[in-house]
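Accompanying notes for the structure given below.
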Amino acid sequence: MNYKTLRLPLWGLSIIALLIGAWGAYERITVGHESTAYGSYVVWGLGVAMYLYFVELAAGAHLFATMEFISGYKPFLRLYRLALAVALAAIVGGLLNIWSDLGRPERFWEVYLRPNPNSVMAFMVWAYTLFIVVLLAQMLIEFRPEWMRALGKTYSSQTQMRDRKILRILMILSVPMVIAFSGGVGALFGVQGARPYWHVGMYPVAFIVTALVSGAGMMTFLAAFFIPDHDEEHQGLMSALRRLLAIFLVAEGLFVFADYSISLYGALPPNVAAIRQVLTGQYWWAFWIIQVLIGMVIPFVIAVTPGLGRNTVLTGLAGILVVFGFVAVRINVVLPALTVPEIEALRTAFADPRLGFTYFPSVGEWALAIGITGVVATLFLLAYERLPLLKTEVA
Amino acid sequence: MPVTTEKLVEFIVSGAPVGTPEDPLLRMQQDLKRALKKPLEQRRWIMAIDLRKCVGCSACTIACVAENKLPPGVVYRPVMDEEIGTYPNVTRRFLPRPCMQCDEPPCVNVCPVQATFKRADGIVVINYDDCIGCRYCITACPYNARTFDFGGFYSKGTPAQGPSIIGQVKTIAYEKADSFEYGKAWPRGQGSSPVGNVRKCTFCSHRLNAGMLPACTTTCIGRATFFGDANDAGSLVSELIGSTRMIRLKEEMGTEPKVYYLI
Ligand code: SF4
Ligand code: SF4
């Protein structure tokens, strides 16, 4: 199976997602936040979870763009342009999600004009703005041979040498930047002393690990189905990706286990209540089936079982299972802390649909999230079909 | 003691016989007048709530909703009603929960655009014109004391016509009337701020500026809510918070709340 086989279903799904999203966007514009199912207590919902998901995917993909530079393993170069394209499409998706989630989206620029230096959120916005600048600069230089030739100019070997140096500097710069914004998103939650479920010192590190898992999943999927040359180097790449996927999955599993088991043992009531909701609550299946089984166990088994792992199609499927399953990881970060009241008696203090402690996304929220996912997929597919993503001249 | 006209008026308002201790509302009104003569930074507004006097009627909640024209999903001062024990040994406890106007407010630090801040007199406010509606501050408050304005109306969805809905026209007009929080008119109905913003109790700062006590304080039928300036040793609230019955919610959070409970 290769891209030719997948092309039609992928475009079909993307277009359907865009159409659904168009309705979701129309509803959000005309009805505003009244069309959402979250409230004043469960104050963040699917939009914030999808924002986290896409920014972490962007971070993970970008770390894979620098993987050859970090590891010195040449086959990773095949992923370079693909990874940059994923990072760009995903960061667009992340920002669209959070922008549409703001109560007053027309004022987003206030974060640049009057930032609060003490706010982790302001820090994060600045960090991913810098990330986007560096990412665009990287793409501009990486695709320079093509656009120069398109303009009828020659691309000399001296220019290539110079560009390579600049690109290496940008890569060096981008790694701490990616770690800063990916970890910064973890810090956004970690600093919240009021919410024991989020108040985890290692959250920034855990978020970087999650970014790496999402990135590894996406890259494994792309390497399996979007790189047509299945030569020896490709085999090497697939095997490296498999190993990385397995290692990152183990690290992710350890983080979740350590966090939940220590919190349960510590027995702080709001923390225990939040974790119980994840493990045995109404949406237990989101954790056990989507996050653990689909997002972690099945891909891990495929990655570490030699008989299965050598099958490129199966490995690619393992990658996409991770990409899908990790949506639940994000939902299980955002919601449990909010669905536990900070003062128990608030549950019944004032009867109002927006002052409850349960949440399931509204149709409008689903539509918008699906639509933005469609935008990300369309951007990537367009880049894949219109730009030479399968080679690298500069890096 | 001579019975003056002023004393007679006091008697009528408070129901207390002349010469008996002053009604708390009248005393707090005097405390307020004194405090307002001082510069802003020398005032330190606090609230004390006597839980033995609170009857759980929620009049304060409704007074606050009316005063600040709060839409669905927004509440500044819910009264929590807890049932303690098991039948037949049951009792109930009521606990009003306004914003604690924390001296170390975790909601302020997190705001990415400095839209929420602590004023010189200690009241934590939100600048509706700057708030981007990210709701990060709501997640940071340990008391769930902030709520989000979704732009709704209580009257939404009620049938457009029909004689059975008494007062519908007036209700709709009332809901669309301006709110005067922060001493400014905030028109409703065109989706402008505070729709899409986070909202919270401000100790009725607009009323304080006009020399009036917070709406919850004047409405409390049990005379359970007290308000005043803690920087004035002669104020009623200063006396009350010296009581051994005094507690504050979630002291361990280090937020230094300025709402005190007498248990
Ligand atoms: S109670 Fe909550 S909203 Fe009020 S000042 Fe404290 S942290 Fe801020
Ligand atoms: S919702 Fe408004 S006040 Fe609260 S943190 Fe965001 S911008 Fe600041």
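Residues of A:121-130, mean number of Cβ from any other protein chain within 10 Å of their own Cβ, rounded to a whole number?
Mean number of neighbouring Cβ atoms from other chains: 2.
Give a residue-ordered list of calculated ³J(HN,Hα) values for the stretch B:244-260 (Karplus: 6.51 cos²θ - 1.76 cosθ + 1.60, θ = phi - 60°; whole Hz; x for Gly, Pro).
Rounded to whole hertz, the list is 6, 7, 6, 9, 10, 7, 6, 3, 5, 6, x, 7, 6, x, 9, 10, 10.
Under Stokes-Einstein, with the Kirkwood radius over Cα pairs standing in for Rh, what whole-number D in µm²/s applies to the stretch B:21-262 at 4 °C and 1.567 mPa s?
Numbers: Rh = 19.0 Å.
Translational diffusion coefficient: 68 µm²/s.
Could you tell me which residue out of B:THR171, B:THR5, B:VAL65 lies farthest along the dipole of chain B toward its positive end? Charges go on the beta carbon: Lys and Arg +1, Asp and Glu -1, centred on the Cα centre.
So the residue we want is B:THR171.
Quick check on the stretch B:212-263: take the gyration tensor over C-alpha atoms, sort the square-rooted eigenvalues as a ≥ b ≥ c, and tell me if it's rounded (a/c under 1.5), prolate or oblate. Mind showing how you got there, number by number?
Details: a/c = 1.67, a/b = 1.39, b/c = 1.20.
Because a/c hits 1.5 or more and a/b exceeds b/c, the stretch B:212-263 counts as prolate.
How big is Rg to Rh over the protein assembly as shown, alpha-carbon atoms, Rh as the Kirkwood inverse-mean-distance radius? If you can, show how the numbers build up before the last one.
On the way: Rg = 29.2 Å, Rh = 27.6 Å.
My calculation puts Rg/Rh at 1.06.
Relative to the isolated chain, which residues of the stretch A:78-107 have their accessible area cut by 10 Å² or more in the presence of all protein chains (1.4 Å probe, heavy atoms, no ligands or nucleic acids)?
Going by heavy-atom accessible area, the residues of the stretch A:78-107 that drop by at least 10 Å² are A:ASP101, A:LEU102, A:GLY103, A:ARG104, A:ARG107.
Mind giving me the FRET efficiency for B:ASN209 and A:TRP366? R0 is 60 Å, r the Cβ-Cβ distance, nearest 0.05 is fine. Please report the intermediate quantities before stating the final value.
Details: r = 46 Å, r/R0 = 0.76.
That pair, B:ASN209 with A:TRP366, gives E of 0.85.
Give the average, rounded to an integer, of partner chain Cβ atoms located within 10 angstrom of each Cβ in B:194-203.
On the way: counts 2, 5, 8, 3, 3, 1, 0, 0, 0, 0.
Average per residue, whole number: 2.
7 Å from Cα along Cα→Cβ at both B:ILE221 and B:GLU82: what's the point-to-point distance in nm?
A separation of 2.4 nm, rounded to one decimal place.
Given an 8 Å cut-off on Cα distances and at least 6 residues of separation, report the relative contact order of the stretch B:21-262 as a percent. Working shown, then result.
Working: 436 pairs, mean separation 79.8, N = 242.
Relative contact order for the stretch B:21-262 comes out at 33 percent.
Chain pair A, B: how much accessible area is buried, both chains summed, with a 1.4 Å probe, in Å² to 100? If you can, show how the numbers build up before the last one.
Numbers: alone 18320 and 13610 Å², together 28120 Å².
So the buried area, both faces added, is about 3800 Å².
Just need the relative contact order of chain A here, percent rounded to a whole number, with Cα pairs under 8 Å and 6+ apart.
Numbers: 558 pairs, mean separation 133.5, N = 395.
After rounding, I find 34 percent.
List, in order, the whole-Hz ³J(HN,Hα) value for each residue of the stretch B:226-241 obtained from phi through the Karplus relation with A = 6.51, B = -1.76, C = 1.60 and θ = phi - 60°; use x for Gly and Pro.
Computed from phi, the couplings for the stretch B:226-241 are 10, 9, x, 9, 6, 7, 10, 4, x, 6, 4, 5, 4, 4, 5, 6 Hz.
Of the options A:HIS199, A:ALA267, A:LEU245, report the single residue whose Cα projects farthest towards the positive end of the charge dipole of the stretch A:177-318 (beta-carbon charges: Lys, Arg +1; Asp, Glu -1).
A:ALA267
Let a ≥ b ≥ c be the square roots of the eigenvalues of the Cα gyration tensor of the stretch A:289-395; is it rounded (a/c under 1.5), or, if not, prolate (a/b larger than b/c) or oblate?
Working: a/c = 3.51, a/b = 1.77, b/c = 1.98.
Oblate shape, in that a/c is at least 1.5 and b/c is the bigger or equal ratio.
Between A:ALA267 and A:ASN118, 0.36 nm times their residue separation minus their Cα-Cα distance comes to what?
The A:ALA267-A:ASN118 span can extend by a further 50.6 nm.
Charges only on Cβ, +1 for Lys and Arg, -1 for Asp and Glu: so what's the dipole of the stretch B:37-105 about the Cα centre, in debye to the nearest 20? If you can, show how the numbers build up before the last one.
On the way: 11 positive and 8 negative charges, 69 e Å.
That gives a dipole near 340 debye.
What is the local net charge at B:SER58, summed over the other residues whose Cβ is closer than 12 Å to its Cβ (Lys, Arg +1; Asp, Glu -1)?
Numbers: positive: B:ARG77, B:ARG97; negative: B:ASP81.
The answer is +1.
So, by mean Cβ neighbours within 10 angstrom, what's the order for B:22-29, B:183-190 with the highest one leading?
Values: B:22-29: 18.0, B:183-190: 12.5.
The peptides rank, most packed first, as B:22-29, B:183-190.
Under 5 Å between amide H atoms, partner at least 5 residues away or on a different chain: which partners does B:MET80 have, H built in plane at 1.01 Å?
Amide H neighbours of B:MET80, under 5 Å, 5+ apart: B:LEU95, B:ARG97.
For the protein assembly as shown, what is the calculated [θ] at 222 nm in deg cm²/dmol (nearest 500), taking -39500 (n - 2.57) for each run of four or more DSSP H residues and dividing by its residue count? Don't skip to the answer; put the middle values down first.
Numbers: 24 runs with 343 residues, N = 658.
Estimated from H runs of four or more residues: -17000 deg cm²/dmol.
Quickly rank B:200-206, A:271-277, B:238-244, A:157-163 as a protection proxy: mean count of other C-beta atoms within 10 Å, highest first. Walk me through the intermediate numbers first.
Numbers: B:200-206: 22.6, A:271-277: 20.3, B:238-244: 14.4, A:157-163: 12.3.
Output ranking for B:200-206, A:271-277, B:238-244, A:157-163: B:200-206, A:271-277, B:238-244, A:157-163.
What does the charge count around A:PRO115 come to, taking other residues whose C-beta lies under 14 Å from its C-beta (Lys +1, Arg +1, Asp -1, Glu -1)?
Details: positive: A:ARG107, A:ARG114; negative: A:GLU110, B:ASP130.
With Lys, Arg at +1 and Asp, Glu at -1, the neighbours total 0.
Tell me, what HN-Hα J-couplings in whole Hz come from the Karplus equation 6.51 cos²θ - 1.76 cosθ + 1.60 at θ = phi - 60° for each residue of the stretch A:322-332, using x for Gly and Pro?
4, 4, 6, x, 6, 4, 5, 4, 5, 4, 6
What lysines could a cross-link reach from B:LYS250, if we take a straight Cα to Cα line under 22 Å and drop same-chain neighbours fewer than 8 places away?
In chain and number order, the partners are B:LYS53, B:LYS118, B:LYS200, B:LYS258.
Check every DSSP H run in chain B and write down those whose alpha carbon atoms cover 15 angstrom or more along the long axis and whose mean Kyte-Doolittle hydropathy is 0.0 or greater.
Working: long enough: B:24-36 (18 Å, -0.47).
The answer is none, since no helix passes both cut-offs.
Given axes a ≥ b ≥ c from the Cα gyration tensor, I'd like to know whether the stretch A:142-190 is rounded (a/c under 1.5), prolate (a/b larger than b/c) or oblate. Mind showing how you got there, number by number?
Working: a/c = 8.95, a/b = 2.81, b/c = 3.18.
In terms of gyration-tensor shape, oblate.
Looking at the protein assembly as shown only, what percent of DSSP beta bridges run antiparallel? Nearest 5 please.
Details: 19 of 23 bridges.
Bridges in the protein assembly as shown are about 85 percent antiparallel.
Taking the Cα centre as origin and putting +1 on Lys and Arg beta-carbons and -1 on Asp and Glu beta-carbons, what dipole magnitude results for chain A, to the nearest 20 debye? Working shown, then result.
Values: 26 positive and 22 negative charges, 161 e Å.
Here the size comes out at about 780 debye.
Counting only protein heavy atoms and a 1.4 Å probe, tell me what percentage of the stretch A:46-194's accessible area is made up of carbon and sulfur.
Numbers: 4140 of 5640 Å².
Here carbon and sulfur together make up 73 percent of the probe-accessible area.
Going by Cα centres, the stretch A:200-269 and the stretch A:1-60 are how many Å apart?
23 Å
Once the dipole of the protein assembly as shown is set up with Lys and Arg at +1 and Asp and Glu at -1 on Cβ about the Cα centre, which of B:MET28, A:ILE141, A:ALA349 lies farthest towards its positive end?
Comparing the listed Cα positions along the dipole, A:ILE141 ranks first.
For the stretch B:21-262, give the magnitude of the charge dipole about the Cα centre (Cβ charges: +1 Lys/Arg, -1 Asp/Glu; no others), in debye to the nearest 20.
Numbers: 31 positive and 24 negative charges, 69 e Å.
So the magnitude is around 340 debye.
When Lys and Arg each count +1 and Asp and Glu each count -1, what net charge do the other residues less than 10 Å away from B:HIS206, Cβ to Cβ, add up to? Don't skip to the end; give the middle numbers.
Details: positive: B:LYS184, B:ARG207; negative: B:GLU67, B:GLU181.
Charge balance near B:HIS206 sits at 0.
What is the angle, in °, between the Cα long axis of helix A:46-65 and the longest principal axis of the Cα atoms in chain A? Nearest 10 is fine, range 0 to 90.
30 degrees
Please give the contour-minus-distance gain from A:TRP284 to A:GLN160: 0.36 nm per residue of separation, less the Cα-Cα distance, rounded to one decimal in nm. Can you show the working numbers first?
Numbers: separation 124, 0.36 × 124 = 44.64 nm, distance 5.35 nm.
39.3 nm is the gain from fully extending A:TRP284 to A:GLN160.
Take every residue in peptide B:67-77, count the Cβ atoms of other chains within 10 Å of its Cβ, and give the average of those counts.
On the way: counts 0, 0, 0, 0, 2, 7, 11, 5, 7, 0, 2.
Per residue, the average neighbour count from other chains is 3.
Measuring with a 1.4 Å probe in the full set of protein chains, what accessible area per residue, in whole Å², belongs to the stretch A:3-386? If you can, show how the numbers build up before the last one.
Working: 15860 Å² over 384 residues.
On a per-residue basis, 41 Å².
The values are calculated or read from the model by the stated rules, or taken from the named source; none is laboratory data. Model, not experiment: these values are computed from the prediction. Every residue, glycine as well, gets a Cβ built from its backbone with ideal geometry; the counts of neighbours run over all protein chains shown. What goes into the accessible areas is simple: the full protein's heavy atoms, side chains included, and nothing from ligands, DNA or RNA. Shrake-Rupley method; radii C 1.70, N 1.55, O 1.52, S 1.80 Å.
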